[in-house]
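Student: Take this structure, written in C-alpha cells, and hold onto it; I'll ask about it next.
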Amino acid sequence: MSLDGDLLSPSRFTRSGGAGAEISDQVADDKVLAEFAAGATLVLQGLHRIWPPIQDFACELSVQLGHPVQVNAYITPPQNKGFAPHYDVHDVFVLQFAGGKHWRIHEPVWTSPLRDQPWQERKSAVTARCAETPLIDGVLESGDTLYLPRGYIHAASSLGEISGHLTVGVHPVTRQTLADQVFVALGDDEELRRSLPLGVDLSDELVLDGELKATVAALRGALDRLDPGAVARGIGRHLAAQTRPAPLRPLEQLSAAATLAPDDLVHLRPGLRLKLRIDGPYLVIELPDKIVRLPAEVSEAARAITSGVAVAAGDLPGIGVNEGLKLLSQLLRDGVVVPA
C-alpha cells in the first residue's frame, strides 16, 4: 500500500494469522480497509503469477513481444494519489478498468534508463521537470489505455470515485544486456584472463598504459573470435530467469505421467522457454533451471512435442508408441509438457 507518494510500512496492514498460521506478514483485511479509507492506494503486485486470466494474458504477451512481462494492479480511493512523480525503468501500458484517473506526463530527464538507474538518483531533476508544462495532461476513463516508454515521468490521481488500473510492465532486453552477455562469453579467452603484474601501482596511469593497450588488443582479438551462439544462449538464460512459464499442477502431472495412454494429448507448457540441441549421442533440452538429456534418436519426436501443437504418443514421428509413451511420461515429470 502507498500514500502520498510513499510506500506504507507492511506492519500497518499485516499481522499474524493466528493459531497454525503464525507468519507475521499476512494481509489483515481490517487494516487494509482502514488504510484504504484513509486514502492509501492498494497495490496488487505480481498478478501475472497468481490470477489465471492475467497469467494467460501476460504469458502470451511475453511470447509475442519477446521480452519479460509483469502485471500489477493499483486501486486508489477517490481524490487521492498513490505515488509521487517518477519514471519507471521498464515500458508500461496502463489499462484503466474502473473509475477515472488524472495523469500528468513529462518528458524524460534520463532517456531509456536501465534497471540500476532509478528515478531516485535524479530526484531533483524529476522535481524540476514536473514544474514545466506537461507533455500530456488528461484523464483516463474505464477502457482507456496509455503507453509510457521507460523514462517518461508520470503521476496520477483518482477523481471522484474509486479508480483502478493495471500496469503491464515490459522489461526490455537492452543492448546493455547484450553487452553483458558478450563480456561473459569473453571469459573463455585466455589472454583476457591473464593477471596484471605484481609489485606495481596499478592505479598509476603510466604503469597501466602498457597493460591497457595489451587488454584492448586482446579484446579486439576476442571479439573477432566471438561465438554468437554463446551470446544467444546467454540471452536465453537471461530471458528464462526473467520469464516464468505457466504454473504446473504437480499432482495432475504425476498422475498423467503414470496413466498416459497412446491417444492422450499433451502440449508444450505455455510460456516455457527452451532450446533443443544435439550434443554427440544426446538431444539436450535446455530449460530455465535444468537440462534434460535424451537419446539423439528421439530428436524428431521431441521437436514435434515442443512445437506447441497438441500431440499423442501414437502420433510421434520417428519412434514407436511404447517409446513415445516413455518419452511423453518423462517430459510430463520434467514439466516440459502438460495435459492438453
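The values are calculated or read from the model by the stated rules, or taken from the named source; none is laboratory data. Predicted model, so just to flag it, every value in this text is computed and none were measured. Don't worry about glycine lacking a Cβ; one is built from the backbone with ideal geometry, like all the others, and counts go over all protein chains shown. Side chains are part of the model used for accessible areas, which takes the heavy atoms of the whole protein and leaves out ligands, DNA and RNA. Shrake-Rupley method; radii C 1.70, N 1.55, O 1.52, S 1.80 Å.
Student: For the range 118-134: of the residues being part of a helix (DSSP H, G or I) and touching a strand residue (DSSP E or B) at 6+ places or on another chain (Cβ under 7 Å), which is least open to solvent (accessible area, probe 1.4 Å)?
Tutor: First pass over the range 118-134, keeping only residues part of a helix (DSSP H, G or I): 119-130.
Now drop any that are not touching a strand residue (DSSP E or B) at 6+ places or on another chain (Cβ under 7 Å), which leaves 119, 126, 129-130.
Details: 119: 46, 126: 2, 129: 58, 130: 33 Å².
Selected residue: 126.
Student: While we're on this one: Return the only residue of 2, 16 being within 29 Å of the chain's Cα centre (by Cα) and over 13 Å from residue 244 (Cα atoms). It would help to see each step written out before you state the result.
Tutor: On the way: 16 fails: within 29 Å of the chain's Cα centre (by Cα).
On inspection, the qualifying residue turns out to be 2.
Student: For the structure I just gave you, tell me whether residue 177 is in contact (Cβ under 8 Å) with a residue 12 or more places away in the chain and under 25 Å from the mean Cα position of the chain (by Cα).
Tutor: Details: in contact (Cβ under 8 Å) with a residue 12 or more places away in the chain: yes; under 25 Å from the mean Cα position of the chain (by Cα): yes.
So residue 177 passes the test.
Student: Ok, one more. Restricting the search to the range 193-205, which residues are surrounded by fewer than 10 Cβ atoms within 10 Å (Cβ to Cβ), of a type outside the set (A, V, I, L, M) and out of contact with any helix residue (DSSP H, G or I) (no Cβ under 6 Å at 6 or more places or on another chain)? Before you say what the answer is, go through the steps one by one.
Tutor: Initially, the range 193-205 is screened for residues surrounded by fewer than 10 Cβ atoms within 10 Å (Cβ to Cβ), giving 195, 198-199, 201, 203-205.
Going one step further and asking which of them are of a type outside the set (A, V, I, L, M), we end up with 195, 199, 201, 203-205.
Of everything in the range 193-205, those that are surrounded by fewer than 10 Cβ atoms within 10 Å (Cβ to Cβ), of a type outside the set (A, V, I, L, M) and out of contact with any helix residue (DSSP H, G or I) (no Cβ under 6 Å at 6 or more places or on another chain) turn out to be 195, 199, 203, 204, 205.
Student: Among the residues of the range 233-244, is there at least one that is modelled with pLDDT of 90 or more, surrounded by 12 or more Cβ atoms within 10 Å (Cβ to Cβ), over 19 Å from residue 272 (Cβ atoms) and among the β-branched types (Val, Ile, Thr)?
Tutor: No: the range 233-244 contains no residue that is modelled with pLDDT of 90 or more, surrounded by 12 or more Cβ atoms within 10 Å (Cβ to Cβ), over 19 Å from residue 272 (Cβ atoms) and among the β-branched types (Val, Ile, Thr).
Student: Considering only the range 135-156, how many residues are open to solvent by 30 Å² or more (accessible area, probe 1.4 Å), under 24 Å from residue 113 (Cβ atoms) and either part of a loop (DSSP other than H, G, I, E, B) or not acidic (Asp, Glu) (or both)? Quick ask: steps written out before the conclusion?
Tutor: Residues of the range 135-156 open to solvent by 30 Å² or more (accessible area, probe 1.4 Å): 135-137, 139, 141-145, 147, 149-150, 152.
With the extra rule that they be under 24 Å from residue 113 (Cβ atoms), the set shrinks to 135-137, 145, 147, 149-150, 152.
If we keep only those that are either part of a loop (DSSP other than H, G, I, E, B) or not acidic (Asp, Glu) (or both) as well, we get 135-136, 145, 147, 149-150, 152.
The number of residues fulfilling the criteria is 7.
Student: Could you pull out the residue among 159, 268, 208, 254 that is closer than 30 Å to residue 142 by Cβ and open to solvent by 30 Å² or more (accessible area, probe 1.4 Å)?
Tutor: Working: 268 fails: closer than 30 Å to residue 142 by Cβ; 208 fails: closer than 30 Å to residue 142 by Cβ; 254 fails: closer than 30 Å to residue 142 by Cβ.
After ruling out the rest, the residue left standing is 159.
Student: Considering only residues that are among the β-branched types (Val, Ile, Thr) and assigned to a strand (DSSP E or B), look in the range 323-340 and name the one that is most open to solvent (accessible area, probe 1.4 Å).
Tutor: Start the filter on the range 323-340 by keeping residues that are among the β-branched types (Val, Ile, Thr), which leaves 336-338.
From what is left, the residues that are assigned to a strand (DSSP E or B) are 337-338.
Working: 337: 0, 338: 21 Å².
Here the answer is 338.
Student: Within the range 1-108, considering only strands (runs of 3 or more DSSP E) that don't extend past its boundaries, which have at least 1 residues that are of a type in the set (Gly, Ala, Ser) and at pLDDT 90 or above? Walk me through how you get there before you give the answer.
Tutor: Details: elements: 42-44, 69-76, 91-98, 101-106.
The strands (runs of 3 or more DSSP E) meeting that bar are 69-76, 91-98.
Student: From (1) free of Cβ contacts under 8 Å to residues at least 12 places away in the same chain; (2) over 30 Å from residue 61 (Cβ atoms); (3) open to solvent by 60 Å² or more (accessible area, probe 1.4 Å), pick out the condition that doesn't hold for residue 320.
Tutor: Residue 320 satisfies every listed condition except (3).
Student: Among the residues of the range 66-82, is any exposed (fewer than 15 other Cβ atoms within 10 Å of the Cβ), among the small types (Gly, Ala, Ser) and either more than 30 Å from residue 127 (Cα to Cα) or touching a residue at least 24 places away in the same chain (Cβ under 8 Å) (or both)? Quick ask: steps written out before the conclusion?
Tutor: Taking the range 66-82 first, the residues exposed (fewer than 15 other Cβ atoms within 10 Å of the Cβ) are 66, 78-79.
Checking the rest, the ones that are also among the small types (Gly, Ala, Ser) come to 66.
Filter once more, keeping what is either more than 30 Å from residue 127 (Cα to Cα) or touching a residue at least 24 places away in the same chain (Cβ under 8 Å) (or both): 66.
The answer is yes, given that some residue of the range 66-82 is exposed (fewer than 15 other Cβ atoms within 10 Å of the Cβ), among the small types (Gly, Ala, Ser) and either more than 30 Å from residue 127 (Cα to Cα) or touching a residue at least 24 places away in the same chain (Cβ under 8 Å) (or both).
Student: Follow-up question, since we're still on this one. So which of 57, 36 ends up being over 15 Å from the mean Cα position of the chain (by Cα) and of a type in the set (A, V, I, L, M, F, W, C)? If you could, list the steps in order and put the result at the bottom.
Tutor: On the way: 57 fails: over 15 Å from the mean Cα position of the chain (by Cα).
Matching residue, one of 57, 36: 36.
Student: Condition test on residue 300, is it modelled with pLDDT of 95 or more, farther than 19 Å from residue 258 by Cα and surrounded by fewer than 20 Cβ atoms within 10 Å (Cβ to Cβ)?
Tutor: On the way: modelled with pLDDT of 95 or more: yes; farther than 19 Å from residue 258 by Cα: yes; surrounded by fewer than 20 Cβ atoms within 10 Å (Cβ to Cβ): yes.
Answer is yes for this residue.
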